[in-house]
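Readers should treat all values here as calculations from the given coordinates under stated rules, not as data from a laboratory. Computed from a prediction, not measured in an experiment: that's the story for all the values here. Every residue, glycine as well, gets a Cβ built from its backbone with ideal geometry; the counts of neighbours run over all protein chains shown.
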Amino acid sequence: MEARAIQRTVRQSARKMRLVIDLIRGRAVPEADAILRFSKKRAARQIHKVLRSAVANAQQAAQRQGEAFDADQLRVKYAVVNEGATLKRFTAAAMGRATPIKKRTSHVEIHVASESKPAPAAKAAPAQATNAEPKAKAKAKPKKKAAAAKKKTKKASK
């Protein structure tokens, strides 16, 4: 069973939120819940809401499929904080000038999965990574040829 929850435009910078999200990544849900509940960081409250929402989404998915559900068997599989839109404001400065203020926002995304079954997608991921490498090399070769063609045209024009 896997579920996710996303909260967008949280009014705190992603850099500050990442300090908290790093504490719970890969941990069991009850342990992550305890860490967030007793953390002094302001970001912990928002991340805790997202974690609870992901667990509730997993419970709903289990109910729909008619499976047994135990929140203690869940683990934080994926947890990331990305930058959101920046609110740009201005404040007064000396001699009639304005100084910009950037109010940063962030997006929090958490995936939880049950520990009981190892995910088969984890084994397939390395195979996909090896397939991506030849494509990157194939794309790099035409660029080199194009650069070599430009050099030849420059020499010919001289």
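A simple charge model with +1 on the Cβ of Lys and Arg, -1 on the Cβ of Asp and Glu and nothing else charged puts the dipole of region 1-59 at about 460 debye relative to its Cα centre. For region 2-116, the Cα-based Rg and Dmax, in that order, read 17.7, 68 Å. The peptide list 56-66, 3-13, put in order of mean Cβ contacts within 10 Å with the highest first, becomes 3-13, 56-66.
A simple charge model with +1 on the Cβ of Lys and Arg, -1 on the Cβ of Asp and Glu and nothing else charged puts the dipole of region 2-116 at about 1120 debye relative to its Cα centre.
Within the same chain, aspartates and glutamates fewer than 8 places from LYS49 are excluded, and of the rest, those with a Cα less than 20 Å from its Cα are GLU2, ASP22, GLU31, ASP33, ASP70, ASP72, GLU83, GLU109. Database remark: amide H of ARG25 closer than 5 angstrom to no amide H (H placed geometrically; neighbours at sequence offset of 5 or more, or on other chains; Pro and chain starts carry no H). The local environment of ALA85, defined by Cβ-Cβ distances under 10 Å, has a net charge of +3 under the rule Lys, Arg +1 and Asp, Glu -1. In whole angstrom, region 10-68 maps to an equivalent ellipsoid with semi-axes of 25, 12, 9, each derived as √(5λ) from the alpha carbon gyration tensor and ordered largest first.
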